[in-house]
Amino acid sequence: QVQLVESGGGLVQAGGSLRLSCAASVSIVSFNTMGWYRQAPGKQRELVATVHSAGTTNYADAVKGRFTFSRDNANNTVYLQMNSLKAEDTAVYYCYVRYKIFDYWGKGTLVTVSS
């Protein structure tokens, strides 16, 4: 069983920055896939960024060049640095991992970008 706890969300003005954190209850080096998803009001959950065990990071087109995924293996934490935020980035952001054959999600952290 893997527990994921996100933090770092909040209210920010357009053009500002936030860094989201996701702390895992087990070692993240064993995860097959890690990533961040988001769900805006009235919309489906969508991929923001994922990194696979081979090390390749994929970003949604909407966030390329603005968001950066990173990890701290020693502290079992992954991050999402979000710069140049836009109103359309407003959403609940979820941490996701695939561990062995199971998918795990955090409860989410709300990011609100005011225009």
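Every number in this text was worked out from the coordinates using simple rules, so none of it is lab data. This is a predicted model, so every value here is computed, not measured. FYI the Cβ positions are ideal-geometry reconstructions off the backbone, even for glycines, and counts take in every protein chain you see.
Quick notes on this one:
- Where the alpha-carbon atoms of the chain are placed on the principal axes, they occupy 40, 24, 24 Å, in descending order.
- The slack between K43 and N75, meaning 0.36 nm per residue of separation minus the straight C-alpha distance, is 8.2 nm.
- Judged by the mean number of other Cβ atoms found within 10 Å, the most tightly packed of the peptides 1-11, 104-114 leads the ranking 104-114, 1-11.
- Within straight-line cross-link reach of K107, lysines at Cα separation under 22 Å, skipping those fewer than 8 residues along the same chain: K43
- All aspartates and glutamates inside 15 Å of K86 as judged from Cα atoms, apart from same-chain residues fewer than 8 positions distant: D61
- Net charge over other residues, Cβ less than 13 angstrom from the Cβ of L18 (K, R count +1; D, E count -1): +2
- The trypsin sites (Lys or Arg not before Pro) found in segment 1-58 that occupy coil by DSSP, while having at most 14 further C-beta atoms within 10 Å, are K43.
- Label-to-label distance, nm, for residues given as T56 and S84 (7 Å Cα→Cβ offset): 2.5
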